[in-house]
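Novice: Take a look at this one; I'll ask things after.
Since every read-out is calculated from the coordinates, none of them should be taken as a lab result. The shown structure was predicted, so the numbers you read here are calculated from the model rather than taken from an experiment. Note: ideal-geometry Cβ built from the backbone for every residue, glycine included; neighbour counts use all protein chains shown.
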Amino acid sequence: MRMNPVYSVVIPCYNEEEVITESYRRLTDALLLLNESYELIFINDGSKDKTSAMLDELADEDTHVRVIHFARNAGHQIAVSAGLDYAAGDAVVIIDADLQDPPELIPQMAAMWKNGVQVVYGKRRSRSGESFLKLKTADLYYKVMQNLTNDAFPRDTGDFRLVDRQVADVIRDMPEHARYLRGMFAWAGFRQEALLYDRDKRFAGETHYPLKKMLKLAADGIMSFSDKPLKLPLWLGLGWLGLSGITLLVSLLAQLLGKTVGLWWLAGLNGLIGGSILLSLGIMGGYIARIYEEAKGRPLYIVGRTKGFPDDALRTKG
Ligand code: UDP
Ligand code: MG
């Protein structure tokens, strides 16, 4: 038997005692269909229910199962990142534990991968069992996101995907702490294709993404991939300065022409101060954006493949 499996499946779990058994069963069925080696990597993200014991039991019974127990809850994106770190497969599948992403799609993803697609991402055609509010906010979020990031990401796409080893390695080389994985995958490039699917409702239990976590994820997404918000004061400042300049000029002219000016010149002067402060903030924003860019420590470029070098194969692996 070879050491590295063909497929690694990464499954983040936080208090999922109600779904784990079913999840394991459906994942196993889907992977057995592929007739190749695989491993199931469950990340227990600091669960407080029976998740931990249940996962250990699965690992005892089935050698395909591996479990990473976090010492405390670190969050979904971090749990998936840990899974990517431990995954040894040629292809890595990321899937939620709650069966909202159907494991039965994995063979289709695998087929696309065998045809050379390096990132097969699940794109939601529909979402059942989600509240009206969630659907509307998600929609609004995607619109804002597209705008702020100049369409850098596909819409209606979560973390459910299959990625090639080469892509998984690129993500592992991105040390940023605020992790918005779907964005990072899109940023990486390579041959990416969508697989349309209908998102199911949760098999059991409740969402572990309360509004607070959701907002954090949304903020991470925007702030890690767009510096437009930082530039806002720059434009505000310039606009304000312009307005104040005109006000001052007009009151000066009026004064010279002997008209009553009132205190307009004061408003203009005042605006100059406010505008200068905003402009300074905007300029600082520019520097902060650069500091942030450096701090993220992302690779400068990502090599898809090389040709003509003596060690092409090696280099392609990065
Ligand atoms: N999850 C996790 N850590 C957390 C929250 C969630 O590992 O702090 C896992 C959870 O067990 C599930 C996946 O991330 O497998 C998606 O979470 P959930 O289904 O609660 O989110 P939703 O689908 O409602 O957005
Ligand atoms: Mg879910």
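Novice: How much net charge surrounds Arg298 when only the other residues with a Cβ under 10 Å from the Cβ of Arg298 are counted, with Lys and Arg +1 and Asp and Glu -1? Don't skip to the end; give the middle numbers.
Specialist: Numbers: positive: Lys296; negative: Asp173, Glu176, Glu293, Glu294.
Here the charged neighbours net out to -3.
Novice: Using Cβ contacts closer than 10 Å as the measure, can you line up Val9, Val119 from fewest to most? Before the final figure, lay out each step's value.
Specialist: Details: Val9 26, Val119 23.
So the residues, fewest neighbours to most, are Val119, Val9.
Novice: Right, next: If you average 1/r over every pair of different alpha-carbon atoms in the stretch 1-48 and take one over that average, what Kirkwood value in Å do you get?
Specialist: Details: mean 1/r = 0.0848 Å⁻¹.
Every distinct Cα pair counted, the radius reaches 11.8 Å.
Novice: List the lysines whose Cα lies under 18 Å from the Cα of Lys123, skipping any in the same chain that are fewer than 8 positions away.
Specialist: Qualifying lysines at Cα under 18 Å: Lys134, Lys136, Lys143, Lys201.
Novice: Can you give me the C-alpha center-to-center distance between the stretch 33-75 and the stretch 199-220, rounded to a whole angstrom?
Specialist: 21
Novice: So, one more: Per 10 Å bin from zero, what fraction in whole % of the C-alpha pairs of the stretch 1-133 is there, up to the bin with the longest pair?
Specialist: Histogram of Cα-Cα distances, whole percents per bin: 12, 44, 34, 10, 0.
Novice: On to the next question. Please state the relative contact order of the chain as a whole percent: Cα pairs under 8 Å, 6+ residues apart? Show your work: numbers first, answer last.
Specialist: Details: 486 pairs, mean separation 54.3, N = 318.
With pairs under 8 Å counted, the relative contact order is 17 percent.
Novice: Mind putting a number on the dipole of the stretch 46-185 about its Cα centre? Charges go on the C-beta only, +1 for Lys and Arg and -1 for Asp and Glu, and I need it in Debye to the nearest 20.
Specialist: 680
Novice: Separate question: Taking the chain as a Gaussian network, where each spring joins two C-alpha atoms under 10 Å apart, which residue of Leu257, Leu217, Leu40 fluctuates the most?
Specialist: Leu257
Novice: Pick from Arg165, Arg127, Arg305 the residue whose mean-square fluctuation is largest in a GNM of the chain, springs joining Cα atoms under 10 Å.
Specialist: Of Arg165, Arg127, Arg305, the Gaussian network model singles out Arg305 as fluctuating most.
Novice: Another question about this same structure. Once Rh for the stretch 182-318 is found with the Kirkwood sum over Cα pairs, what is the Stokes-Einstein diffusion coefficient at 4 °C and 1.567 mPa s, in µm²/s? Mind showing how you got there, number by number?
Specialist: Values: Rh = 20.8 Å.
My calculation gives 62 µm²/s for D.
Novice: Also: Using +1 at the C-beta of Lys and Arg and -1 at the C-beta of Asp and Glu, which of Phe153, Leu32, Asn270 has the Cα lying farthest in the positive direction of the dipole of the chain?
Specialist: Asn270
Novice: Sticking with this structure for a sec: Enter the per residue convex hull volume of the stretch 107-153, computed from alpha-carbon coordinates, in Å³ rounded to the nearest integer.
Specialist: Values: hull volume 4.0 nm³, N = 47.
Here the figure is 85 Å³ per residue.
Novice: Rounded if a/c is under 1.5, else prolate if a/b beats b/c, else oblate: with a ≥ b ≥ c from the C-alpha gyration tensor eigenvalues square-rooted, which is the stretch 156-198? Don't skip to the end; give the middle numbers.
Specialist: Working: a/c = 2.32, a/b = 1.44, b/c = 1.60.
Taking the square roots of the gyration eigenvalues as a ≥ b ≥ c, the stretch 156-198 is oblate.
Novice: Right, something else. Where does each of Phe190, Phe132 land when they are ranked from fewest to most other beta-carbon atoms within 10 angstrom?
Specialist: Working: Phe190 15, Phe132 7.
Neighbour counts put them in this order, fewest first: Phe132, Phe190.
Novice: One-quarter of the Cα convex hull surface for the stretch 107-233, in nm²?
Specialist: Details: hull surface 35.9 nm².
Average of the hull's projected areas for the stretch 107-233 equals 9.0 nm².
Novice: Also, quick follow-up: Taking Rh as the Kirkwood radius computed over C-alpha pairs, what is the Stokes-Einstein D of the chain at 4 °C in a medium of viscosity 1.567 mPa s, expressed in µm² per second? Show your work: numbers first, answer last.
Specialist: Working: Rh = 22.5 Å.
Rounded to a whole number, D works out at 58 µm²/s.
Novice: Continuing with this model, one more query. Normalise the Debye intensity by I(0) for the stretch 238-288, one equal point scatterer per Cα, no solvent, then take log10 at q = 0.17, 0.19, 0.21 Å⁻¹ and round to two decimals.
Specialist: Each listed q corresponds, in turn, to -0.52, -0.60, -0.68.
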